[in-house]
1. May I ask you to list the lysines whose Cα is less than 20 Å away from that of K161, ignoring any residue fewer than eight positions away on the same chain?
2. Which part of segment 34-61 falls in the paramagnetic zone of V69, meaning amide N under 18 Å from the point 7 Å along Cα-to-beta-carbon?
Amino acid sequence: MDRMRQFWTILLFGFVLTGFGAVVPKNEQPLELKAGWNLVALEGTPLLPQKELLPLKPLVFDKESQSYVRYVEGMELERGQAVWLYSEEAQSIELALVSTDAAQTSEAQPDGDPWSMIGAASDTPSWLEDVIQPFFRWDAQQGFAPTNDVVKGQGYWVRLK
């Protein structure tokens, strides 16, 4: 079974079981959102993207078009992928996740281009040794700011060595 078909099968099965109350999220990822745009990294696959994710106007970076595109339900999100979320106000949310198993979902890696927008799904992401420091995190007051520190759950612009 190809990867996309497998993803859809698992997701559909999860929604059916959730409807009957048979599935509970494997984990919940807390997100501290500031007012405005936030660059975050997901630690797994969202269980209820329509309810929890879509109202936050998620944008992901599309490698083919080299631009940000609106996330729509059904798009596959990888563990550690950087995602822009928009919040009208500062808020804390709990994002229900179907899976957080690193063995089943690979942490996003730099894609071979000199610059990549990726996220940290752990405190020591596997991509850390492949990038030049400093890399850049999003700060609402400063814009992109250089940093050498990785924070789990944050997204970054990184440059390959």
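Taken together, the values in this text are just the output of simple stated rules run on the coordinates, not laboratory data. The structure displayed is predicted, hence computed values, not measured ones. In this analysis, Cβ positions are derived from the backbone assuming ideal geometry, glycine residues included, and neighbour counts consider all displayed protein chains.
1. Partners found: K63.
2. 54, 57-61
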